[in-house]
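Here's the structure, in structure tokens; my notes come after.
Please treat every number below as a calculation from the coordinates, not as lab data. Computed from a predicted model, the values in this text were never measured in an experiment. Every residue, glycine among them, receives a Cβ derived from its backbone with ideal geometry; neighbour counts consider all protein chains shown.
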Amino acid sequence: MPAGRKLEGRVAIVTGAASGIGKSIAELYLEHGARVVAVDLPGRSLEETGTTGSGSIRRVEIDVTAPDAPDTIIGAAVKHFDGLDMLVNNAGIAAAAQFEELTDEVWDRLIAVNVTAIFRISRAAVPHLRARGGGRIINTGSIMSATAGPTLSAYGTSKHAVAGLTKGIVLNPPLSHAAQTDSSLPSRRARVRTTASPCRRRSPCRCRARRSRRR
Ligand SMILES: NC(=O)c1ccc[n+]([C@@H]2O[C@H](COP(=O)([O-])OP(=O)(O)OC[C@H]3O[C@@H](n4cnc5c(N)ncnc54)[C@H](O)[C@@H]3O)[C@@H](O)[C@H]2O)c1
């Protein structure tokens with residue numbers, strides 16, 4: 001059990017919440033008192049997320065690339081929980097292929113899920129985060145946000161784009177705490193890798209302390 005309920009009263013959206021990292025994040029947030037909108041594709045056992053603990057969860061089965069996904073996902077948080085404090089763009093796919101065998105379809109799908117959906121859902125979230133005086137957008141990156149693999153050209157490109165998009169978002173107040181997490185670490189130890197603008201929190205700010213320790 002966690003030492004405290006650090007997210008009591010907060011509303012969070014977690015995409016890709018039916019399995020893996022997203023499921024762990026959603027359940028950890030619930031443990032800490034957050035109200036969670038869990039999002040995943042239809043038929044991916046999303047009903048199993050958040051069943052073991054208490055807490056308020058709403059499940060939305062939708063493809064994050066669907067034209068109406070931003071409105072449906074953000075709308076669920078606003079309708080059921082009255083607002084939004086945190087958006088975790090975690091849904092992602094990978095595909096391994098030799099570069100010359102990479103098809104247009106695979107490329108387009110990777111960029112659509114891993115990049116464009118993050119852009120569209122984040123854009124729709126901003127007015128609601130602003131209405132709360134600020135918020136968090138956490139985009140699941142990868143070690144491939146900073147490096148490359150021989151068969152991972154499309155995936156690596158998408159995760160580099162996630163890093164660039166995150167840096168862009170972070171420069172837009174009041175989202176100055178938006179951060180990219182390194183998903184190769186377990187969610188409890190997720191590291192903040194990208195913060196680009198002055199922190200507006202009251203001191204002492206752990207975010208700034210972490211940054212200065214890394215220098
Ligand atoms: N597992 C790793 O080692 C690792 C390393 C680096 C980065 N990542 C990243 O972490 C994130 C989560 O990965 P994971 O390892 O937990 O994988 P996972 O496959 O267990 O989880 C991804 C979830 O996203 C969902 N998803 C995929 N496409 C979707 C779509 N179009 N709409 C809605 N939901 C969709 C899947 O159904 C799945 O439940 C991904 O962004 C991935 O790129 C994972």
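Partners of LYS167 within straight-line reach, counting lysines whose Cα lies under 24 Å from its Cα and excluding those fewer than 8 residues away in the same chain: LYS159. Relative protection proxy for 118-130, 141-153, 97-109, from highest mean packing down: 118-130, 141-153, 97-109 (other beta-carbon atoms within 10 angstrom).
Annotation: segment 1-78 has a Kirkwood hydrodynamic radius of 12.4 angstrom, from the mean reciprocal C-alpha pair distance. For the peptides 154-165, 57-68, the ranking by mean Cβ contacts within 10 Å, running from highest to lowest, is 154-165, 57-68.
Subtracting the Cα-Cα distance of ARG132 and ASP68 from their residue separation scaled by 0.36 nm leaves 20.7 nm.
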